[in-house]
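Peer 1: Mind having a look at this structure? Questions to follow.
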Amino acid sequence: MDPGDFSTALGSAVRSRRAALSLSQADVADLAGVSERFVRFVEQGKTTVQLEQLLAVLGTLGLELDVSTAGPTSTAPPPEARQQ
């Protein structure tokens, strides 16, 4: 996934969750211990946010950042499929 696409999707998820909880950006900022500007940047999909602050915002909203292994980027068959 492109970093810009990820940031946009993350921003949308944060904005949706905040709205579902009836919280303002200022409310989330106060609860997470970050600036309102930072919350706004996250929701706008800015790609240069601080991870520690991002995790605080996600935790405040009951969201998690899930990291998984990306699929193979090569078109070559996996080693077990190759004939020797």
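The values are calculated or read from the model by the stated rules, or taken from the named source; none is laboratory data. Since this is a predicted model, take the numbers as computed values, not measurements. Positions of Cβ are generated from backbone atoms using ideal geometry, with glycine treated the same way; all protein chains shown enter the neighbour counts.
Peer 1: If you go through the range 40-51 one residue at a time, do you hit one that is touching a helix residue (DSSP H, G or I) at 6+ places or on another chain (Cβ under 6 Å), on the phi > 0 side of the Ramachandran plot and either crowded, with 16+ Cβ neighbours inside 10 Å or in contact (Cβ under 8 Å) with a residue 24 or more places away in the chain (or both)?
Peer 2: yes
Peer 1: So, one more: Does Ser22 qualify as being on the phi > 0 side of the Ramachandran plot and hydroxyl-bearing (Ser, Thr, Tyr)? Walk me through it before giving the result.
Peer 2: Working: on the phi > 0 side of the Ramachandran plot: yes; hydroxyl-bearing (Ser, Thr, Tyr): yes.
So Ser22 fits the description; yes.
Peer 1: (1) surrounded by 12 or more Cβ atoms within 10 Å (Cβ to Cβ); (2) out of contact with any Lys or Arg (no Cβ under 7 Å at 6 or more places or on another chain); (3) of a type in the set (Val, Ile, Thr): which one isn't true of Val67, the others all being true?
Peer 2: Of the numbered conditions (1) surrounded by 12 or more Cβ atoms within 10 Å (Cβ to Cβ); (2) out of contact with any Lys or Arg (no Cβ under 7 Å at 6 or more places or on another chain); (3) of a type in the set (Val, Ile, Thr), the odd one out for Val67 is (1).
For (1) at pLDDT 95 or above; (2) in contact with a Cys (Cβ under 6 Å, 6 or more places away or on another chain); (3) not β-branched (Val, Ile, Thr), each residue gets a yes or a no:
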site: Met1; (1), (2), (3): no, no, yes
site: Gly4; (1), (2), (3): no, no, yes
site: Ser7; (1), (2), (3): no, no, yes
site: Leu10; (1), (2), (3): no, no, yes
site: Arg15; (1), (2), (3): yes, no, yes
site: Ser24; (1), (2), (3): yes, no, yes
site: Val39; (1), (2), (3): yes, no, no
site: Gln50; (1), (2), (3): no, no, yes
